[in-house]
Amino acid sequence: MAPIIIDKRYCGPPNSGNGGYVCGRLARHISGDAEVTLRAPTPLDTALDTVATDDGTWELRDGARVVATARAASVELARVERTSLPEARAAALLALFEPHEHPLPHCFVCGPARAQGDGLRVFAGRLSRHAPVPVLAATWTPDPNLAAEDGLVAPEFLWSALDCPTGFACNCDPQSGGFDKTPLLLGRMSARIEARPRPRDACIITAWPTGRDGRKRTAEAALHDEGGKLLAVARTTWIAVDRDVQLGRG
């Protein structure tokens, strides 16, 4: 099995892979819905082995260390939030961080320091019509360089686009509707892809918190096309960490 190399372009924190992208790369080994658990920061520009286990799961390994595991899963959400493209664009203008305050400005998905065509530049903001229930929305127009051999956007980029908005949603308190800036790292992500868009197709992302349990925070997300067709859904678990841990220093 050919190794996986996470190019430095696909970073989340400065020195490790974006969680959603890594999940999506490993999930390619699973037919249908998949659940991926991240067990350690994924190193960049490093040949990582993919290993099938006896119980049907897949492991991503950095030498002897297991970085992530993937298994088949059924991903059904209790509800799917949706909005229009104009509403999502308006929400994105209310992004929860000013560019100079962003916790990970070079993140492949949500980093404002990434140029158009390099990062995804997915900036989630709150939909005011959902107050006081916190629901975030963002727009995403995939660049042509994200296409797979079949001409459609490669599946790992759908996983990526659904990742960071759920992280920001996890910092929205489902009870009070308030927002905090607790540093978080993705721990687990499950996704179901129903259809993949073409490059340059305008897409709409919605994300909403579903619960908190100690350091764990959970959220869900959906991806629609401009006409309202559901493309993908995701369920995530994030872990509250120290800032140094988020940056890979601890």
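Throughout, read-outs are computed from the coordinates displayed, never taken from laboratory work. None of the values given here were measured: they were computed from a predicted structure. Heads up, the Cβs are rebuilt from the backbone with ideal geometry, glycines too, and the neighbour counts pull from every protein chain shown.
Tabulated data
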| quantity | calculated |
| --- | --- |
| The stretch 1-90 shape via C-alpha gyration tensor axes, a/c threshold 1.5 | oblate |
| The stretch 11-55-the stretch 155-229 distance, computed between alpha-carbon centres (Å) | 18 |
| Pairwise label distance in nanometres, ASN15 with ASP201, each label 7 Å out on the Cα-Cβ vector | 3.9 |
| 11 Å beta-carbon shell around THR57, net charge (K/R +1, D/E -1) | -3 |
| Hull volume in cubic angstrom per residue (convex hull over the Cα atoms of the chain) | 123 |
| Gain upon complete extension [ARG82, SER128; 0.36 nm per residue less C-alpha separation] | 15.2 nm |
| Solitary cysteines of the chain, where the nearest other Cys Cβ is not under 4.7 Å | CYS11, CYS23, CYS107, CYS170, CYS172, CYS203 |
| Cross-link partners of LYS8 among aspartates and glutamates (Cα-Cα below 14 Å; sequence separation of 8 or more within a chain) | ASP45, ASP118 |
| Calculated FRET efficiency for the pair ARG212/LEU93, C-beta based, R₀ 30 Å, to 0.05 | 0.60 |
| R0 of 41 Å, Cβ-Cβ distance LYS229-ASP54: FRET efficiency to nearest 0.05 | 0.60 |
| Placed amide H near PHE123: partners under 5 Å, 5+ positions off or other chain | THR139 |
| Loop-located trypsin sites (Lys or Arg not before Pro) in the stretch 151-250 whose Cβ has at most 13 other Cβ within 10 Å (DSSP) | LYS181, ARG200, ARG215, LYS229, ARG249 |
| Taking the chain and dividing mean pair separation by its residue count, relative contact order in percent (alpha carbons under 8 Å, at least six apart) | 20 |
| Computed [θ] at 222 nm, helices only, for the chain once each DSSP H run of length n ≥ 4 contributes -39500 (n - 2.57) | -4000 deg cm²/dmol |
| Candidate lysines for bridging to LYS216, where Cα separation is under 22 Å - those fewer than 8 sequence places away on the same chain excluded | LYS181 |
